[in-house]
Structures are given as structure tokens and as C-alpha cells.
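Report on one structure; see the data block that follows.
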Amino acid sequence: MSERPERFIIDGKRLDGRSFDELRPIKIELSPLDRADGSCYLEWGRNKVMAAVYGPRELHPRHRQNMTRAVMQFRYNMASFSVDDRIRPGHNRRSIEISKVSREAFEPVVFTKFFPKTAIDVFVEVLRADAGTRTAGINAASLALADAGIPMRSLVSACAVGKVDGEIVLDLMKEEDNYGEADVPVAMTVGEEITLLQMDGHLTPKEFYKALELAKSGCRQVYGLQRQALVEKYNKDYSVDEDDARSDAGGDSDE
Ligand code: CDP
């Protein structure tokens, strides 16, 4: 594990040179896996994640089928080589928790009622971790679901926000996540309905609302990149500009 830095902010900049409201660079590749129904590889700073979607497909064992809707199953897994200290392979409390909250982040947007008795399976494999892997996994899964043609009310876009050296900052990297004062992962729809909100650490109510606004602006930026990736793959003639993305989000916003 890395050492706790003495300070997280030096001359108004974070340890990796970012400003308080700046995301790490994001790179998206759609459909890298030809055996999945939909897939997405996503790099976010030094995180590398792969998402694969299968389905809707018949759910086995049959007693787990739901007669009125599809059952969504989400499996988040960190590869043993994804962190400094090798992780024991297999499920652990953390991966079970992340799989559960990630699944719940999608349940409000996926039209599961269209596919009774089936399963929609989402797999997220973290190949390299550097904080924010659950949000990276959700962003990749959102695109993999779209790539699989699963009908959804909206993409889901996620990013974390937190507090270091008393400042609210967007998109924590590893040192900020591990040693900072708070870590708040958020996921939301394009209409800014929040589908995931967790909090580790302490924030005052005022700090919390400031953090939430910053997280929303981060999610909007992520949404722009997700949309651009889909348009580039599926509709090359259509050009995305920021006004389009903003009108998708339900109007202008000037925070
Ligand atoms: O990755 P995320 O921020 O969603 O989850 P976390 O539980 O807050 O973990 C933060 C970071 O700690 C991970 O992204 C990894 O870089 C690191 N970590 C680790 O090194 N070993 C673990 N067993 C779990 C997390």
C-alpha cells in the first residue's frame, strides 16, 4: 500500500497536478469482446476495467426466474494482479457489496419488464485499480448494456467526489481515496436521478451538498464521453456537441 502523503494539495493543485474539479483522463473502447452480447473496455486515470453483458438469456436454475421481468445479475471482480498487494481470487465482502450497489444503480433504468423469465448478466473485471473502480465499472457496464442493445431509459454515469486537506475534490485517485477525509461515489441518469450514493468518512451537510453538485458535474462530463463513444460507433454521421448533451440532460445547468 502507498504511503500517506503529508499534504494532498500543494499550491492549489492536487498530487497529480489536477485542479479540484478535474476528472482523470478517460478512454473508452466499445465492443472489444466478440463473444459477449455487449462489452466495453474503459481506462480512467490508472484504472483499467472491462465490462461484458450477456442476455437477455434464459435464467437457470429455473426457480430463480421471475415471471414478470428479467433478473439482473451483476458481478464485480478485482483481478488478483490489479492492486499492489495481491488479492485472493473469488468473492469477498467488498466485491459482494460493490456488485449489489452496482446492480441497484441499473435497476431503475433497465426495462426488465420486456424480458420475463430471463437473466441479464453484467460482469465487470478490474484489471488495474487506482480508486474509483466501482464508478469506472458502472460507466463501462452502462456502455456494455447499450452495446448489447438492452433497452434502458437512460445511460448511467458515475464518478466519486471526496474531501482532502479540507477541500471538496472530484474523482479521487488512490492516495486521496485511501487517506482522504471522505469518499462519495455517485451514479446518476441523464436526468440527474441518483441511482447510487455511498459515503465513507465525514462531511458536514454544507460540504455534502457541495460535493453532490461537484459529483453531478463529473457525471455530466462522463455522460458526454459515453454518448460520444456510442455515437462514434453506431452513428458516425451524427456529431455530438455539448449543447446536445446538455439538452439530453434536461436543460442547461450552470454550476
Ligand atoms: O475502487 P473503489 O474506489 O470503488 O473502492 P474502494 O473500496 O474505495 O477502494 C479504493 C481503492 O483501494 C481501489 O480502487 C484500489 O486501488 C485499492 N484497494 C486495494 O488496493 N486493495 C483492496 N483489497 C481493495 C482496494
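Annotations for the structure displayed:
- Region 56-76, residues that are crowded, with 16+ Cβ neighbours inside 10 Å and either under 20 Å from the mean Cα position of the chain (by Cα) or not aliphatic (A, V, I, L, M) (or both): P56, Q65, R69, M72, Q73, F74, R75, Y76
- Hits in region 24-48 (condition: in contact with a Lys or Arg (Cβ under 8 Å, 6 or more places away or on another chain), under 21 Å from A105 (Cα atoms) and not basic (K, R)): L30, Y41, L42, E43, W44, N47
- Sole exception among (1) under 29 Å from K113 (Cα atoms); (2) in contact with a helix residue (DSSP H, G or I) (Cβ under 6 Å, 6 or more places away or on another chain); (3) in contact (Cβ under 8 Å) with a residue 24 or more places away in the chain for R128, by number: (1)
- Flag for G132 being modelled with pLDDT of 95 or more and within 24 Å of E29 (Cβ to Cβ): yes
- Residue within region 91-98 that is away from the ligand (no atom under 12 Å from the Cβ) and open to solvent by 10 Å² or more (accessible area, probe 1.4 Å) present: yes
- Extreme residue, nearest to the chain's Cα centre (by Cα), among residues of region 1-46 that are among the hydroxyl-bearing types (S, T, Y) and surrounded by 20 or more Cβ atoms within 10 Å (Cβ to Cβ): Y41
The values are calculated or read from the model by the stated rules, or taken from the named source; none is laboratory data. As the structure is a prediction and not an experimental result, all values here were calculated from the model. Neighbour counts run over all protein chains shown; Cβ positions are idealised from the backbone, glycine included. For accessibility, only protein heavy atoms count, side chains too; no ligands or nucleic acids. Shrake-Rupley method; radii C 1.70, N 1.55, O 1.52, S 1.80 Å.
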